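Structure first, commentary second.
The values are calculated or read from the model by the stated rules, or taken from the named source; none is laboratory data. Remember, predicted model here, so these are calculated numbers, not experimental data. We place every Cβ from the backbone using ideal geometry, glycine too, and count neighbours over all the protein chains shown. Accessible surface areas use protein heavy atoms only, side chains included; no ligands, DNA or RNA. Shrake-Rupley method; radii C 1.70, N 1.55, O 1.52, S 1.80 Å.
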Amino acid sequence: MTTVADVQLAVERLWPRERAEDWDAVGLIAGDPADEVRRILLAVDAVLDTAAEAVATGADLLLVHHPLLLRGVTSVAADTGKGRIVTDLVRARCALLAAHTNADVVERGTSGELGRILGLTAQQPIVASASGDGTGLGRVGLLPEPITLGRLAEVLARALPSTASGIRVAGSFDRPVQRVALCGGAGDSLLGEPAVVAADVYVTSDLRHHPASDARERHALGRGPALVDVSHWASEWLWLDAAAEQLRAELPGIEVAVSDLRTDPWDFQVPQ
């Protein structure tokens, strides 16, 4: 019998807890470590829809990328969003487990998978881990050949699941790019890193106005990369297939499925 605790150990082997950032909250969020697991559902977010999908499809464990209780809460009453998610999962004896920044830094993590899909060669972390084992935040590498910035944005538009926010770009459509820095999820904290500054383009998510504006001005002066801003959820959803493949290898006989539900928070966009 495979238990929740067994899945925890498999997750630890693939994405060690000690590689998570100090502020992170990874690991088991809800559920009994002794409960049996026969089916696992993977999703980026623990939201009402993915919790309902886990329950409806008979999953015994929902493994998510984003921790549900990352910031402190004082209640998980069922009349709150987070409380309803916890309540519904506990009632269905479906455990909830998160692998977040510990899954970002590995070779086949969120950034590594995005780089692989783009065909980047010689990938290296933007910020290497102190362990010196090739892990670290973000990735930088080379496209097989130079393409225009606009063409790269089109490649990303086809590779990523569609969202209301689409693909946003700062830079000339026809500018050639080859050295690509990228960070799945929110990455404006890495804008000043030497590997990003030296890249032709930086692909990430959740770029705020002022950091993006400053970076755009530096790019105009030839001192930094063009910017491509994609959906946070979409950039990390690509990792789920790799994670499912690795879990199947670690846990033979356990069914592992990937949620296709879009949990990007935006529903539609009105063109201007």
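Quick grid of which residues meet (1) assigned to a helix (DSSP H, G or I); (2) touching a strand residue (DSSP E or B) at 6+ places or on another chain (Cβ under 6 Å); (3) at pLDDT below 95:
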{"site": "Glu12", "(1), (2), (3)": "yes, no, no"}
{"site": "Leu28", "(1), (2), (3)": "no, yes, no"}
{"site": "Pro33", "(1), (2), (3)": "no, no, no"}
{"site": "Leu42", "(1), (2), (3)": "no, yes, no"}
{"site": "Ala51", "(1), (2), (3)": "yes, no, no"}
{"site": "Ala54", "(1), (2), (3)": "yes, yes, no"}
Query raised in the report: Is it the case that some residue within the range 76-87 is within 27 Å of Arg39 (Cα to Cα), among the aliphatic types (A, V, I, L, M) and modelled with pLDDT of 95 or more?
Result: yes
Requested in this report: Of the conditions (1) in a helix (DSSP H, G or I); (2) of a type outside the set (A, V, I, L, M); (3) farther than 23 Å from Val270 by Cα, Gly141 clears all except one; give me its number.
Outcome: (1)
Report summary line: The condition of being within 20 Å of the chain's Cα centre (by Cα) and buried (at least 17 other Cβ atoms within 10 Å of the Cβ) holds, among Ala43, Ala59, only for Ala43
Report task. Would you check if Glu107 is acidic (Asp, Glu), touching a residue at least 12 places away in the same chain (Cβ under 8 Å), part of a loop (DSSP other than H, G, I, E, B) and out of contact with any Lys or Arg (no Cβ under 8 Å at 6 or more places or on another chain)? Result -> yes
Query raised in the report: How about the range 228-255: which of its residues are open to solvent by less than 10 Å² (accessible area, probe 1.4 Å) and not aromatic (Phe, Trp, Tyr)?
Result: Val228, Val230, Ser231, Ala234, Ser235, Glu236, Leu240, Ala242, Ala243, Ala244, Leu247
Query raised in the report: So which residues in the range 159-214 are surrounded by fewer than 16 Cβ atoms within 10 Å (Cβ to Cβ) and part of a strand (DSSP E or B)?
Result: Arg168, Pro176, Ala186
Query raised in the report: Can you find a residue in the range 7-27 that is out of contact with any His (no Cβ under 9 Å at 6 or more places or on another chain), surrounded by fewer than 16 Cβ atoms within 10 Å (Cβ to Cβ), of a type in the set (A, V, I, L, M, F, W, C) and over 30 Å from Ile147 (Cβ atoms)?
Result: yes
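Identify, from the list Arg93, Arg108, the residue that is open to solvent by 20 Å² or more (accessible area, probe 1.4 Å), at pLDDT 95 or above and of a type in the set (Lys, Arg).
Arg93
Go through the range 173-191 and report how many residues are more than 15 Å from the chain's Cα centre (by Cα), farther than 19 Å from Gly112 by Cβ and either of a type in the set (A, V, I, L, M, F, W, C) or at pLDDT below 95 (or both).
3
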Query - Failed condition for Val73, given (1) of a type in the set (A, V, I, L, M, F, W, C); (2) open to solvent by 20 Å² or more (accessible area, probe 1.4 Å); (3) part of a helix (DSSP H, G or I); (4) free of Cβ contacts under 8 Å to residues at least 60 places away in the same chain - result: (3)
